[in-house]
C-alpha cells in the first residue's frame, strides 16, 4: 500500500511507471499510444534512424576514426578522396571525414541548445500572454511582432559582428531569434485552453497564475511544444550553416558544417567537390531527419487529441 | 448563522459597446447543512451568481452593489489574495461538464490532492493519502489504483465523482454545484445526487444546487429560489414551492415537466418565447412578455417582493391568490430579506 502511495507521488515524470498494477483493464497509456502511432509512420521512423545515425557518426565516430583536427598540415592540402583520407582533405590539410564528425558535434550542440532556448522562452512568453490576455497579451505579442519584423539574417549578422562568436553565444543568438514562432503558437493554443473548465476549476480552488500556467497549461501544450522543438532544431542547423557560410561562425580550428561548406565553395572552380558535398549532405540529412520526426510527432499528437476529446 | 448570505446583489457585465445586468437585486441565504436549489432557464444569471460567491466574475463583470457573506465574512470588495483563501477551502465548486473540468494530462489522484496543496493543508504524500481516501468516500472502487488513472480512462459518472472529491478535499462549508448532473444519464444522475446528500450529512455542509431541472430540485433540496432574468421570482421551501407556488413563472416551469399521466400524443407544455435580452429594455415584471396572465400593470409596475416568513415571491397575479398586490407598494425588491 505504502509503496503504491510513493509511486503515485513520484509518478508524474514517468507516466508509464505506475501502470503495472495488478488490475489493469488494458487501457492504452497515452505515451505508449503516441509511440505506436509514431512507429506506424514509416517516414518518421526513417527520420529517427537518420538522426540516430548522425548522432552516432558525430559523437562516436571520432573514437573509432582518429584524425588530427587541430594542427594544419599544408603538405596534405586538398587531397582527393583516397586511401588514408576516405573523403579527402581540405585546404589546410584537415581530414574531411574527421572534420565532418567534429563539425557535426558543434552543429548539433548549437542547434539543440538554440532549440531549447527558443522553446523555453517561447512557451513562457506564449502561455503568460495567452493566459493573462488583454493588455498584457497585446503588449507581449506586439514585442513579438516587432522583433519578427526585423530580418533574421540581418540581426544574426549584426549580433555576430558585435559579439565574439562562441558556442554559447551562437546558442543564445539563434535561440533569441527563433523563440518568436513557438511564442505565437503557444499563445494561440493557450487562448483556447484558458477557457476550459479545468483551468477555471484551478482558479476556483484558489490556485495562482503560476500554478495554472506551469502545472496545467504547459502540460496541455506539450504536444505542440515537442513538435515545434523538432522543427526548431532543423531551423537552427540551417541558420547556423547560413551565418557560418557568411564567415560569422565559430573561428577555426573549431569546425561546423556551414563553415566547411563556406570554405569549400572557394574551391568550386578547382573541382574539389569533396569539400562541398560532405557537409552539404550532412546538413540536408540532419535537417530532413528532424522534419520527418517532427511530422511524425505532429501526427501522433494530433491523433491523440482526436481520440481523447 | 447562515453559511451563505447574499443580499441585494447586483452584477453588471460591461463589454465595449454594451452593458448587461445578469444579476439584479438577488437576496438569499443558506443555513448550515441545508441545500438551496437555484433554478431558472439558461441565461438567467444562475451561474453568474454562483461564481460571484467566489469573487469570480466573467470578463468585464463587476459587482455594482450588494453583499455576499460566507460564514459572516464579506466577499464583496475582498482582495484577490484573501479571496484565494476562500476559494476551494471554504467554498468548493462542482462544474457541469465532468469531461472538461478535469485536466486531461494529469492523474486524477494528483487533481484531487491539488486544493490541499494549494492551501498548504497537507504535504505531498499526506495530500495524496487524503485524496485516495476522498476518492473512496465518493464511491470510486479501488481508489488506490484509480488515483493513478487519467480522466479519459473513467466514465462520465466516475469523472463527476472525481470532481466532487476535488471540490470536497478541503472539507468546505459550502459546495456550489453548477448543473452537476446535467451531462449525466438519468440513473447516474440519481447516484450522484444521493452521493451529494450523503456527503452533505457527513460533512455538515451547505450546498447551492444550480440547475434548470425541476426534477432534480424536487428530491434534493430544502429550499428553492426561482430566478428569472436576473431577479428572484419566488423563494420557498421545496415542498411548499411544489405544492403552493405563487409566481406565474414557477407555475409555468412546473407545468412543463412531463408526468406519467401525460397521455400519448399530448404536446408538452412549454413557455413561449425566450428569456429577455438583459442588455435591452425590460418590462417591469420581467416575465410579463411571456406570461399568460400578464396585464398592463405587469408591464408598468414592478411587482413587490412579498410573502410570509419562508415563502416570498414577486408577482402581480399570483396563482392561488386574490389578485393584484400593486397598491401600497412600499418595500423594494430584496428588502424583505
Problem set entry | For the stretch B:40-108: Kirkwood Rh in Å [reciprocal of mean 1/r, alpha carbons] | 13.8 Å
Exercise. Cα convex hull of the protein assembly as shown: how many Å³ per residue?
Worked result: 208 Å³
Exercise. Summing -39500 (n - 2.57) over the DSSP H runs of n ≥ 4 in chain B and dividing by its residue number, what mean residue ellipticity at 222 nm do you reach, to the nearest 500 deg cm²/dmol?
Worked result: -8500 deg cm²/dmol
Problem set entry | Calculated log₁₀ intensity ratio I(q)/I(0) where the Debye formula runs over C-alpha points of the stretch B:162-249, q = 0.24 Å⁻¹ | -1.29
For this session: Any chance you could give the angle, 0 to 90 degrees and rounded to 10, that helix B:156-168 forms with the longest Cα principal axis of chain B?
Result: 90 degrees
Problem set entry | Under 19 Å from the residue A:269 label point (7 Å along Cα→beta-carbon), backbone N, the stretch A:90-109 | A:91
Problem set entry | Per-pair calculated FRET efficiency, R0 = 41 Å: residue A:68 and residue B:59 via Cβ, rounded to 0.05 | 0.05
Seminar exercise, completed: Fewest-first ordering of B:316, B:247, B:212, A:66 by Cβ atoms within 10 Å yields A:66, B:212, B:316, B:247
For this session: Please express the Cα-Cα pair-distance distribution P(r) of the stretch A:69-213 as a list of whole percents, one per 5 Å bin, running from 0 to the bin with the greatest distance.
Result: 2, 9, 12, 13, 12, 11, 10, 8, 6, 5, 4, 4, 3, 1, 0, 0
For this session: Partner chain Cβ atoms within 10 Å, averaged over the residues of A:190-202 - can you pull that number for me?
Result: 5
For this session: Taking 7 Å along the Cα-to-C-beta vector as the label spot, tell me the residue B:254-residue B:310 distance in nanometres, rounded to one decimal.
Result: 1.6 nm
Exercise. When Rg is the radius of gyration of the Cα atoms in the stretch B:1-76 and Rh is its Kirkwood radius, what does Rg/Rh come to?
Worked result: 0.98
Exercise. Taking the simple approach of a point 7 Å from Cα along Cα-to-Cβ for both residue A:46 and residue B:185, what is their distance in nm?
Worked result: 4.7 nm
For this session: Calculate the translational D of chain B in whole µm² s⁻¹ from Stokes-Einstein, where the hydrodynamic radius comes from the Kirkwood formula applied to all Cα pairs, the temperature is 20 °C and the viscosity 1.002 mPa s.
Result: 102 µm²/s
Exercise. How large, in Å, is the stretch B:109-200 by the Kirkwood hydrodynamic radius built from its alpha-carbon pairs?
Worked result: 13.3 Å
For this session: Provide the percentage of antiparallel DSSP beta bridges, counting only those with both residues in the protein assembly as shown; round to the nearest 5.
Result: 65 percent
Seminar exercise, completed: If one compares the long axis through the Cα atoms of helix B:124-137 with the longest principal axis of the Cα atoms of chain B, the angle in degrees, nearest 10, works out at 60 degrees
For this session: Give me Rg over Rh for the stretch B:195-296, both radii from the alpha carbons and Rh done the Kirkwood way, two decimal places.
Result: 1.02
Seminar exercise, completed: Per residue convex hull volume, Cα only, the stretch A:190-246, in Å³ is 90 Å³
For this session: Can you tell me the 0 to 90 degree angle between the C-alpha axis of helix B:108-118 and the longest principal axis of chain B, rounded to 10?
Result: 80 degrees
For this session: Rank the residues B:67, B:29, A:149, B:42 as a footprinting-exposure proxy: fewest other Cβ atoms within 10 Å of their Cβ go first.
Result: A:149, B:42, B:67, B:29
For this session: May I ask you to derive the FRET efficiency for residue B:99 and residue A:163 from their Cβ-Cβ distance with R0 = 45 Å, giving the value to the nearest 0.05?
Result: 0.30
Seminar exercise, completed: Check: C-alpha center the stretch B:110-133 vs C-alpha center the stretch B:188-239, spacing in Å is 28 Å
Problem set entry | Two-site FRET efficiency, residue B:142 against residue A:222, from Cβ-Cβ distance with R₀ of 30 Å, rounded to 0.05 | 0.55
For this session: Take A:263, B:261, A:137, B:133 and order them by how many other Cβ atoms sit within 10 Å, fewest up front.
Result: B:261, B:133, A:137, A:263
Seminar exercise, completed: Square roots of five times the C-alpha gyration tensor eigenvalues of the stretch A:187-309, ordered largest first and given in whole Å, equal 45, 17, 8
For this session: Along Cα→Cβ, 7 Å out, is where each label goes; now give me the distance between the ones at residue A:56 and residue A:145 in nm to one decimal.
Result: 5.0 nm
For this session: Can you grab the distance from the C-alpha centre of the stretch A:133-179 to the C-alpha centre of the stretch A:202-273, Å, no decimals?
Result: 13 Å
For this session: Evaluate the stretch A:151-228: find the radius of gyration of its Cα atoms, find its Kirkwood radius, and give the ratio Rg to Rh.
Result: 1.18
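Read the figures in this text as sums done on the coordinates, not as results from a lab. All of these numbers come straight from a predicted model, not from anything done at the bench. Quick reminder, even Gly has a Cβ in these numbers, built from the backbone with ideal geometry, and neighbours come from all protein chains shown.
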